[in-house]
Structure formats: structure tokens, C-alpha cells
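*Asks:* One structure coming up, written as C-alpha cells, with questions to follow.
The values are calculated or read from the model by the stated rules, or taken from the named source; none is laboratory data. What you are looking at is a predicted structure, and each value in this text was computed from that prediction instead of being measured. A quick note on method: Cβ atoms are made from the backbone with ideal geometry, for glycine too, and the neighbour counts reach across all protein chains shown.
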Amino acid sequence: MASSQRDRLRRLAQKAARRKAVVAEKRKTDLAATASSLADRVRRAAAAPIETCVVTAQLFETGIGQLMVARSLPSGLLAVAIFLLDPYCLGVKDVFFREMTREDFAFAQESTSQVQSFADIDPGQARRLVKESAAYAESLGLSSPGDLPAIEGIFGDTPAADGDAFIFGQNGKPLYVSGPNDTPAKARRIMAILTRRLGPEGFHYIASVSARTYQEFADTGEFLEEEVFEEEFLDGEIIEGELASPPQRLE
């Protein structure tokens, strides 16, 4: 009886494993198809004339901003690529591609302009900024969004322009700022990567963690278990500085 039950459980486990493998393969295929579709859409859009190419005017002063490229499609819509840039640490933090009406694009620009001003940028310089931003993050061990290669195709056959290299980081070091949409697990991973690559004094940060979590990280170089870190992070206070210095509350 016991042997029969073990055999039944083993068969169920094997069946579940096969089903999991099938689902994983289907998801992988779906993601590849989606990426291919996106690349094709961007490639077609890149044949249209550029109508707008702008970047946050104070990008390197504030450490966060957007670069927007819009092309006029034959349909009358605009193909819009938006690169969320973090020149202090993450490089290209996020990237989006949308086809939208001129009215929707104007509304999006107006809404964004309430919190940041934009300046025109040459498309070649814009492409260089995107490439160098991604390269900077990569030098820190941080990866760019998976859609970046496809959406960068919005620049079409415009090459990256020559010019003086952009200066990334702040005061000679990366500055990681956890954003409002960054999960605790993501912040944990980024800070761990930076610590392994640069050492605890090799970067600055502004993150929401508790004193207990901070002490654990400073002592061992590793955060608490993720489920504990989630609780500590969400209940924590805002601190800033280098990992080697004690937490200080932001005024």
C-alpha cells in the first residue's frame, strides 16, 4: 500500500514536471514572438521621418529624465519611443514604444513638461546618449531592459554621433536611487550587484531600508532573506550615504 502510494506520487510529480516544462517552453516561444513583433514594428516606423527628438534639459543635474523620439507614420499616427534614463547609475532604466495619435502625444508631452523641461537633441547625439547610458550600467554589472535593442531601432540608419563622452555617476561614483516603482527585491539585487562590483564604499545610494536591514547588509554584504527584507524594506526609513557610513535620515 505504502509502495503503491509512493509510485502514485512519483507519477504525479513527473506529470507535473512535464507540464511545467511545456508551459515554460510556450512562454519562451511567446516572448520570442512578442520581441520579434516589436522589432518589426519599430523597424517599419524607423523608415518614417522624425518629427520630435527631445531630452530632459537637466538630465545630468537631476539624475533622471526621458529621451523621446517620435516619427510620423503614413497612417497619421506617431510612433513614439521613450527612454527613461538614469545617468547616475542604471543607465537606461526603462524603455517604451507606442503608436499614438498626435493629440495623445501632445497631452503626454504637456503632462510630463509640468515636472521637467525638454530640449531638442540631434538624433545622432540621442542615439549616442542611449548607447553610452546602457554601456555605463553594464560596466557596473547592471543589465538594460530586454526591449532596448529592439526599441533602439527607432533611430533607423542614423549612426551614433561623435563627441565628448557623457559623464555618468555623481561626484565620481554611481548613485543608486530606488524609485517609487522599484520593488524591495529589485533594490536588494541592485545594491548587492554594486557592492560585489565596486565594494561597499564604491557607490552612493538613497534607498528605503530599516536600520536592521542596513546593519545586516553592512556586516555581511548580504541582505536578509527576501521575505524578511520585504517587511523590513516596507517598514523602513529613508537613508542615504555610502554603505560604510551609518544611516542618516533625509531632512
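*Asks:* Do we have any residue at all in region 167-185 that's in contact (Cβ under 8 Å) with a residue 24 or more places away in the chain, farther than 20 Å from PHE60 by Cα and not basic (Lys, Arg)?
*Replies:* Taking every residue of region 167-185 in turn, at least one turns out to be in contact (Cβ under 8 Å) with a residue 24 or more places away in the chain, farther than 20 Å from PHE60 by Cα and not basic (Lys, Arg).
*Asks:* Out of the residues in region 175-193 that are over 17 Å from LEU84 (Cβ atoms) and at pLDDT 85 or above, state the one that is surrounded by the most Cβ atoms within 10 Å (Cβ to Cβ).
*Replies:* So the residue we want is MET191.
*Asks:* Right, another one. Checking ARG196 against (1) assigned to a helix (DSSP H, G or I); (2) surrounded by fewer than 15 Cβ atoms within 10 Å (Cβ to Cβ); (3) in contact with a helix residue (DSSP H, G or I) (Cβ under 9 Å, 6 or more places away or on another chain); (4) at pLDDT 80 or above, only one condition comes out false. Which one?
*Replies:* Among (1) assigned to a helix (DSSP H, G or I); (2) surrounded by fewer than 15 Cβ atoms within 10 Å (Cβ to Cβ); (3) in contact with a helix residue (DSSP H, G or I) (Cβ under 9 Å, 6 or more places away or on another chain); (4) at pLDDT 80 or above, the lone unmet condition for ARG196 is (3).
*Asks:* Do we have ALA106 as in a loop (DSSP other than H, G, I, E, B) and more than 26 Å from LYS186 (Cβ to Cβ) here?
*Replies:* Criteria not met by ALA106.
*Asks:* Can you report the number of residues in region 104-115 which are surrounded by 15 or more Cβ atoms within 10 Å (Cβ to Cβ) and of a type outside the set (A, V, I, L, M, F, W, C)?
*Replies:* Adding up the residues that qualify gives 2.
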